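The values are calculated or read from the model by the stated rules, or taken from the named source; none is laboratory data. Just so we're clear, the structure is a prediction, and the values are computed from it rather than from any experiment. Glycine also receives a Cβ, built like all others from the backbone with ideal geometry; neighbour counts cover every protein chain displayed. Surface accessibility is based on the protein's heavy atoms, side chains included, excluding ligands, DNA and RNA. Shrake-Rupley method; radii C 1.70, N 1.55, O 1.52, S 1.80 Å.
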Amino acid sequence: MSSALRREYLAALGLETWVVRGKPPGSPETARPDAPALRDLPEPRDTPARPDAPALRDLPEPRDTPELRDLPEPRAPGAAGDSSPGREAGVDWPELRARVAACTRCALCNTRTQTVFGVGSQTADWLIVGEAPGAEEDRQGEPFVGRAGQLLNSMLRAIGLTREQVYIANVLKCRPPGNRDPTASEAAECLPYLEQQIALLKPKIMLAVGRIASQNLLRTEVTLGRLRQQVHRFGLSQVPLVVTYHPAYLLRTPADKRKAWEDLKFAREVCARV
Ligand code: SF4
């Protein structure tokens, strides 16, 4: 990716890079002390890690929160006593999509325009998981559209990924009316669908965006601020999971975009070492 393009995507994130005054176009840039220097910008994915990049062994260990220990362990798809839809072994993408489209397991089926299954590459290394569809997603049937979706695209671009190279889904496949938070029971009813998507996708890393998604995936009530900058593990497959802010939150709170940029770099480092 060219330096100009990287600057464009970082600018979309609200992160400015400065060019030395008087230097001709294409000259090496310098950054303010508090701005991301271009030397810190994404390298090609198959590039060896920078000498100053943290090795995975140096990254924080997965948290083992008390809340997590108190909750029941997830069951394998198709395990005895597990009647959740989409958990049967052997379900493929079209079958799973059809099951979600016909789902009436919670009351959100009564108010949705349509289900929002997910979008992206079915061989992606990265799985981006949000909370639930909003009004526009409910209308279009695709997660992360509108301004928040555009910012998510810019966040991905900043680490060298396109929207088409990742898979994007939500914990809930139907929109909660009025964009209220999902209830615990709604999330519990819908989560098996995401688990089956993960079983089919086999991602190298999950990026949970926003508090609701993070807390539901990690089955914890720990704040998002405390969940950031750690390698968590999700489900039976123990997929590495990194947490960051939801783009809709970042649109309202641009001061935290710099933290999101740190989270993205952290996730990229984790993925490179899986
Ligand atoms: S939110 Fe999930 S569990 Fe509830 S009706 Fe929609 S697809 Fe089914």
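Dimensions of segment 121-182 along principal axes (Cα, Å, largest first)?
35, 22, 19
On full extension of the chain, what length is gained from Thr104 through Thr183, given 0.36 nm per residue of separation minus the C-alpha to C-alpha distance?
Contour length minus the Cα-Cα distance gives 26.9 nm.
State, to one decimal in nm², a quarter of the convex hull surface area for the C-alpha atoms of segment 114-157, i.e. the direction-averaged projected area.
3.2
For an R0 of 30 angstrom, estimate the FRET efficiency from the Cβ-Cβ distance between Arg252 and Gln230 and round to the nearest 0.05.
Working: r = 24 Å, r/R0 = 0.81.
It comes out at approximately 0.80.
With every protein chain present, what is the per residue accessible area of segment 101-208 (1.4 Å probe, Å²)?
Values: 4060 Å² over 108 residues.
That works out to 38 Å² per residue.
What order do Thr104, Thr111, Thr253 take when sorted by accessible area (1.4 Å probe), most exposed first?
I get Thr104, Thr111, Thr253, largest accessible area first.
Less than 11 Å Cβ to Cβ from Cys174, Lys/Arg counted +1 and Asp/Glu -1: what total charge do the surrounding residues give? Numbers along the way, then the final one.
Working: positive: Arg105, Arg112, Lys173, Arg175; negative: Glu137, Asp138, Glu186, Glu189.
So the surrounding residues net to 0.
How many percent of the accessible area of segment 183-236 is carbon or sulfur, using a 1.4 Å probe?
Numbers: 1010 of 1950 Å².
Roughly 52 percent, rounded to a whole number.
Relative to the compact globular guide of 2.2 N^0.38 Å, what is the alpha carbon radius of gyration of segment 166-239, as a ratio?
The value comes to 1.09.
Cα gyration tensor of segment 135-274, axes a ≥ b ≥ c as square roots of the eigenvalues: rounded (a/c below 1.5), prolate (a/b > b/c) or oblate? Walk me through the numbers before you get to the answer.
Details: a/c = 1.30, a/b = 1.08, b/c = 1.21.
Since a/c stays below 1.5, the shape of segment 135-274 is classed as rounded.
Given labels modelled 7 Å from the Cα in the Cβ direction, how far is it in nm from Glu164 to Lys202?
2.4
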